[in-house]
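Worksheet for the structure shown next.
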Amino acid sequence: MSPYIAEIVGTAILMLLGNGVVANVLLSDSKGQGGGWIVITWGWGIAVFTAVYVVGQFSGAHINPAVTIGLAGAGLFEWGEVPFYIAAQMIGAAIGALLVWLAYKDHFAKEENADLILAVHCTAPAIRKYPSNVMTEAIGTIMLVFGVLYLVSPGFLDADGKMLETIVLNGEEIGFGLGSLSALPVGLLVLGIGLSLGGPTGYAINPARDLGPRIMHAILPIPGKRDNDWAYSWVPVVGPIIGALIAAGLFLMLS
């Protein structure tokens, strides 16, 4: 599997299971309706775990433009690859949102609360104050990318002091991509962020996760849907990018 296809597949899995759990908890007559925040955060943690487990060996399972930018900012990923990874992640996010709509199509059609329909697709703040919302998204993403950077880079250096991306162990080359370690720590990290920092904005911490499904909400023929809240849509894009760059800077300072 090529890295770009892997990013499409991984991000689609992330959105299918992540937005899927939101649909299960929010939409009318779903068997999981009313499951609450704990169910949603666990669902997203498992979504990340599954996506990383499946495609980590092929692309490093960034599945998030903020992670891609953070890795590049820390010198662990080529900047020239960043636009292609982000494009793949956006395509995957749109595909995942489409699959959620197909799975819950009858429930979307029956749901009378247009805000809940939008909430299945993208995030919204509990208290709309843009500076605070951007700061919250940045803080959550700092924690995500900072944690990921230490997962993908355990600190092995070569003779010139350059950080190694692979080592040879027992005659086998071992990489430090997310998939080469374990998907579980990444899923638990996202679970922790959701439980601790998800309240103010719904913890997008991923521009593709929010923007891709928001665009699909605009496109899909969902009865009774509302506007797409474009006025807020920049926050889950700008906040995570700021957070990713801060995390990369902290990583370089402390390494």
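Pull out the extension gain between Lys31 and Ala126, defined as 0.36 nm times the separation in residues minus the alpha carbon to alpha carbon distance; nm, one decimal.
Net length gain for the segment: 31.7 nm.
Over the chain, calculate the relative contact order: mean separation of alpha carbon pairs under 8 Å at least 6 apart, over the residue count, as a percent.
It comes to 30 percent, rounded to a whole number.
Looking at the chain, which longest stretch skips every one of the trypsin sites (Lys or Arg not before Pro) that is in a DSSP loop with at most 15 other Cβ atoms within 10 Å, leaving the sites themselves out?
Longest gap between qualifying sites, sites excluded: 32-127.
Tell me, which longest segment in the chain has none of the chymotrypsin sites (Phe, Trp or Tyr not before Pro) that fall in DSSP loops with at most 15 further Cβ atoms within 10 Å?
1-155
Picking from His121, His107, His62, which is most flexible by a Gaussian network model of the chain using Cα springs under 10 Å?
His107
Quick one: net charge of Ala208's neighbours, Cβ under 13 Å, K/R +1, D/E -1?
Computed value for this residue: 0.
Sum up the charges of everything whose Cβ sits under 9 Å from the Cβ of Pro236, counting Lys and Arg as +1 and Asp and Glu as -1, but leave Pro236 out.
Net of charged neighbours comes to 0.
Excluding same-chain pairs closer than 8 in sequence, count the lysine pairs in the chain whose Cα atoms lie under 16 Å apart.
4
Putting +1 on Lys and Arg Cβ atoms and -1 on Asp and Glu Cβ atoms, find which of Gly35, Phe84, Leu17 reaches farthest to the positive end of the dipole of the chain.
Farthest towards the positive end: Gly35.
Taking the Cα centre of the chain as origin, work out the dipole magnitude from +1 charges on Lys and Arg Cβ and -1 charges on Asp and Glu Cβ, in debye rounded to 20.
It works out to roughly 660 debye.
Any chance you could list P(r) for the chain, counting all Cα-Cα pairs in 5 angstrom bins from zero, rounded to whole %?
So the P(r) values, bin by bin, are 1, 7, 14, 18, 20, 16, 11, 6, 4, 2, 1, 0, 0.
No lab work stands behind these numbers, since they all come straight from the coordinates. None of these values were measured; they are calculated from a predicted model. Neighbour counts are summed over all protein chains in view; Cβ atoms, including those assigned to glycine, are modelled from backbone coordinates with ideal geometry.
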